[in-house]
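Single-structure report; data block below.
Read-outs throughout are calculated quantities, based only on the coordinates presented, and are distinct from any laboratory measurement. Note that the structure is a prediction, hence the values are computed from the model and not measured. Cβ placement follows ideal geometry from the backbone for every residue including glycine, while neighbour counts extend to all protein chains displayed.
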Amino acid sequence: MSGNGNVTLTIDGTEVTVPKGTNLIEAARRLGTHVPHYCYHPALSVVGNCRICLVEVEGMPKLQIACNTEARDGMVMRTRNERVEKGREGVMEFLLINHPLDCTICDQAGECKLQDYAFHHGAGVSRFEDEKVHKPKNVSWGDRVVFDSERCILCTLCVRFLDEVAGTDEVSIDARGDQVTLIVKADGKLTSPYQMNIIDLCPVGALTSRDFRFKSRLWFMQFADTICTSCARGCNTTVGVRDERVLRMVPRHNADVNGDWMCDHGRLHFAIANDDERLSVPRVDGRGVPYAVAAQRAADLLREAGDSAAAVASPFMTNEELHVLKLICDAAGIEKRLFLNPVGPGDELLVHSEKSPNARGAALLGFEAVDQDCEGVQEIDVLLYVTPREGIALPETVEARAKRRIVFAFHEREADVLFPLTTWIEKDGTVVSAGDRVQRLVKGFSRFGSLLTERAALEMVLQALEAGFEPAATPAQAFERVAAALAPFEGLTFTGVGAHGAPLGRQEVPA
């Protein structure tokens, strides 16, 4: 017998100990064994309506559904034998009776559980010879989600998510028998700011994204596991890229940050990465120049200005970029070190009131948070300014206080020296998210082949100021320099931060 609230059972001949109350799907997962399932999700209530998770339990006369069967001490379970496979085969036959044969045009192809399970657990042939039941297709559930009732297997994951997680209770089951379908209550349009999570949850192709629909097959895309930068939450994401364009962003599981979800605003906020009109080369006095020329000009301006210069950083910069900017300020004698900290409404689920990913990192590196009035910038000789993102900028009155301007921006604008700005998916680095958690950005592509990150461009400026400075050879080396300079990073490594992040040390982080 197990103690301390645990139970020990045997799964396919191997013993495993799990906490009391664990269901058999999760118990099998502890051993790396996958029990097929459609309607089950660990963050949602259990309904047991798809029946594909059938397993055999010694002492029970019938096959049991693993999602709603609790592991017990001494239990012996089998996830694979002839009886289990025959049961799953029968479930698959029922599910496929009225399912349309449209895999060739379905967005879910390549990541469809129905496809996968039909291959692994289906009979391989159909005994159904009658006309399939036809239901509404291409049904708009608003401007983000499209519903295909013929493909729906009524797992109700979407119903439960909107009720239990989003708290909007917007979808329900309608009709009976072979006409049963899902409907959106009220005026037929979803309103939840988290509604696109039901697309991720749908195990078949019944719910698709209006934004991503028909854009690419899964196997034509490359993927990068990174984070969302739309707010300080830093939801873990997987970004899909094809032909150097971001096509979609979906949540990636992280129990310490976002669970399995992300907001719709965050997942759709990538248009700037695909903008062909973005600035792609540095400019000096309006003329396109090599990075080295722009860096030298910026260094000359800063050296001449000395303490009459000001630096306004961006909380969308990585810690590594901010660290190089700090070194530039040190080398040029810049005392005014500020950053714009955009804020706005948040919610109780994921959306944070801080609308940037790294305000905490900027504060740790000695930059002072200011609002858009930027009162710390009075009449100055040179303003070194890194634009936060589209839609957030210094007021023209603030820029007018500077005689000369060195600016990082996405688009062309007036400046003595103008550097192209990169997006979050075009660089490697780290940020400090809400909860003082260090998380990694991962480069997925570069919109323009010659585009340098802010860190690389700033390192060139620092080299021009201090001839002895050596740029970091790798993102890991750049992180090491940050960790060596900041006590809260002590003990952290770029590799150790990993795909899911790591908490800062116990030192107090500036608010």
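Tabulated results
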{"read-out": "Positive minus negative residues near Gly333 (Lys, Arg vs Asp, Glu; Cβ under 10 Å)", "value": "-2"}
{"read-out": "Packing-based order for 12-20, 258-266, 289-297, 122-130, using average beta carbon neighbours within 10 Å, highest first", "value": "258-266, 289-297, 12-20, 122-130"}
{"read-out": "With Cα atoms, 0 to 90° folded angle of helix 475-485 axis to the chain main axis", "value": "60"}
{"read-out": "Efficiency of FRET from Cβ geometry, Val370 and Arg30, R₀ 41 Å, rounded to 0.05", "value": "0.25"}
{"read-out": "Residues of the range 38-65 with amide N under 20 Å of the 7 Å Cα→Cβ point at Glu89", "value": "51-57, 62-65"}
{"read-out": "q = 0.07, 0.11 Å⁻¹: log10 I(q)/I(0) that the Debye formula gives for the chain, counting C-alpha atoms only", "value": "-0.49, -0.98"}
{"read-out": "Fewest-first ranking of Ile105, Ile65, Ile97, using other Cβ atoms within 10 Å as the exposure measure", "value": "Ile105, Ile97, Ile65"}
{"read-out": "Helix-only [θ]222 nm of the chain, DSSP H runs n ≥ 4, -39500 (n - 2.57) each, per residue, nearest 500", "value": "-6000 deg cm²/dmol"}
{"read-out": "Added length on full extension, which subtracts the Cα-Cα distance from 0.36 nm per residue, Glu82 to Lys403", "value": "107.5 nm"}
{"read-out": "Within the range 63-93: backbone nitrogen closer than 14 Å to the Thr14 label point (7 Å, Cα to C-beta)", "value": "77-80"}
{"read-out": "Alpha-carbon Rg with Dmax, taken over the range 72-218, Å", "value": "16.9, 52"}
{"read-out": "For the range 153-171 and the range 289-315, distance of Cα centres in Å", "value": "53"}
{"read-out": "Cα-based helix-to-principal-axis angle, 82-96 vs the chain, degrees rounded to 10", "value": "70"}
{"read-out": "Reachable lysines from Lys185, criterion Cα separation under 23 angstrom, eight or more residues apart if same chain", "value": "Lys135, Lys137"}
{"read-out": "Built amide H within the under 5 Å cut-off of Asn258, gap 5+", "value": "Asn236"}
{"read-out": "Between the range 347-386 and the range 1-61, the Cα center-to-center distance that results, in Å", "value": "48"}
{"read-out": "Residue order, fewest to most beta carbons within 10 Å, for Phe223, Phe214", "value": "Phe214, Phe223"}
{"read-out": "Computed E for Asn4/Arg481 - FRET, C-beta separation, R0 41 angstrom, nearest 0.05", "value": "0.35"}
{"read-out": "Tilt relative to the chain, helix 454-465 - C-alpha long axis, 0 to 90 degrees, to 10", "value": "20"}
{"read-out": "The range 392-415 versus the range 447-511: alpha-carbon centroid distance in Å", "value": "26"}
{"read-out": "Dipole magnitude of the range 373-448 about its Cα centre (Cβ charges: Lys, Arg +1; Asp, Glu -1), debye to nearest 20", "value": "440"}
